[in-house]
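Have a look at the structure below, then the notes.
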Amino acid sequence: AQKITQTQPGMFVQEKEAVTLDCTYDTSDQSYGLFWYKQPSSGEMIFLIYQGSYDEQNATEGRYSLNFQKARKSANLVISASQLGDSAMYFCAMREPSNTGFQKLVFGTGTRLLVSP
Amino acid sequence: DAGVIQSPRHEVTEMGQEVTLRCKPISGHDYLFWYRQTMMRGLELLIYFNNNVPIDDSGMPEDRFSAKMPNASFSTLKIQPSEPRDSAVYFCASSKTGLVTEAFFGQGTRLTVV
């Protein structure tokens, strides 16, 4: 069963506008974590932002914020004031429970964001 | 440090051939992960090592896949025999702790099996 769903294969936004990338998740655990990663064309995965299931406030990191709606099981990424360098693939991920001390992640299929001048 | 280094960046091979992907983690990182990325399934964890020991290989798709970490500075992911459905981008990542927020990814190896 798909645990992380990203329904937008591609998104377009104009420079300086805000954009929301959708992510819904499925879990029966009470304690979990949600992550967003950016993958530019060079291929590496860059960690952007993290939201814990018990965090009461939405996470923010600079121009990135996470719109966490626990009841709806959604964790949308909002990028404000888009820049050309934001063009990339964006992956939503959820931490699976682990007793090994390692945070095992399950990733969505990604959304390709293109920022136009 | 140069970051996580993967080689080759691109690999094209014929079905049935053996393929070996290589990874050099960041020095001092005790955790090493192998991921596979496809359009249909996104990014999947295949296996991870802690202090050179495989801890969880439940993501390895089948016996054709094997991974080793003979020392702290080198790991391989081998596919034998390769099949067209193995075509994907394979990522290696390393971290000092088990926290994925501290994991650094390599640039990946794009594998095409024809």
Legend entry - Residue satisfying all of: in segment B:26-72; over 16 Å from B:Ile5 (Cα atoms) and aromatic (Phe, Trp, Tyr); surrounded by the most Cβ atoms within 10 Å (Cβ to Cβ) among these: B:Tyr48
Inset, instruction - Tell me, please, whether a residue that is over 13 Å from the mean Cα position of the chain (by Cα) and closer than 25 Å to A:Arg95 by Cα can be found in segment B:1-19. - result: yes
Legend entry - Subset of segment B:83-114 [away from every other protein chain (no Cβ under 13 Å) and assigned to a helix (DSSP H, G or I)]: B:Pro84, B:Arg85, B:Asp86
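Rundown of residues vs (1) within 30 Å of B:Ile5 (Cα to Cα); (2) surrounded by 14 or more Cβ atoms within 10 Å (Cβ to Cβ); (3) out of contact with any Phe, Trp or Tyr (no Cβ under 8 Å at 6 or more places or on another chain), yes/no style:
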{"residue": "A:Gln30", "(1), (2), (3)": "no, no, yes"}
{"residue": "A:Phe47", "(1), (2), (3)": "yes, yes, no"}
{"residue": "A:Leu66", "(1), (2), (3)": "no, yes, no"}
{"residue": "A:Gly85", "(1), (2), (3)": "yes, no, yes"}
{"residue": "A:Cys92", "(1), (2), (3)": "yes, yes, no"}
Inset, instruction - Could you list all residues from segment B:2-20 that are assigned to a strand (DSSP E or B) and touching a Pro at 6+ places or on another chain (Cβ under 8 Å)? - result: none
Legend entry - Single condition B:Gln17 does not satisfy, out of (1) more than 25 Å from A:Gln39 (Cα to Cα); (2) within 12 Å of chain A (Cβ to nearest Cβ): (2)
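Check B:Ser58, B:Ser66, B:Ser75, B:Ser27 and return the single one that is away from chain A (no Cβ under 13 Å) and in a loop (DSSP other than H, G, I, E, B).
B:Ser27
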Legend entry - Total residues in segment A:2-54, condition farther than 18 Å from A:Leu66 by Cβ, in a loop (DSSP other than H, G, I, E, B), within 13 Å of chain B (Cβ to nearest Cβ) and not hydroxyl-bearing (Ser, Thr, Tyr): 5
Legend entry - segment A:55-99, residues that are within 14 Å of chain B (Cβ to nearest Cβ) and closer than 19 Å to A:Thr111 by Cβ: A:Ala59, A:Glu61, A:Tyr64, A:Leu66, A:Ala88, A:Met89, A:Tyr90, A:Phe91, A:Cys92, A:Ala93, A:Met94
Legend entry - Some residue of segment B:44-52 being assigned to a strand (DSSP E or B), within 14 Å of another protein chain (Cβ to nearest Cβ) and of a type in the set (Phe, Trp, Tyr): yes
Inset, instruction - Kindly indicate which of A:Gly43, A:Gly108, A:Gly62 is at positive phi, out of contact with any helix residue (DSSP H, G or I) (no Cβ under 9 Å at 6 or more places or on another chain) and buried (at least 16 other Cβ atoms within 10 Å of the Cβ). - result: A:Gly43
Inset, instruction - Considering every residue within segment A:14-34, establish whether at least one is over 15 Å from the mean Cα position of the chain (by Cα) and without any contact (Cβ under 8 Å) to a residue 12 or more places away in the chain. - result: yes
Inset, instruction - Identify the residue in segment A:28-63 that is of a type in the set (A, V, I, L, M, F, W, C) and at pLDDT 90 or above and, among all such residues, is nearest to A:Glu96 (Cα to Cα). - result: A:Leu34
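The values are calculated or read from the model by the stated rules, or taken from the named source; none is laboratory data. Since the structure is predicted, the reported quantities are computational estimates derived from the model, not experimental observations. Quick reminder, even Gly has a Cβ in these numbers, built from the backbone with ideal geometry, and neighbours come from all protein chains shown.
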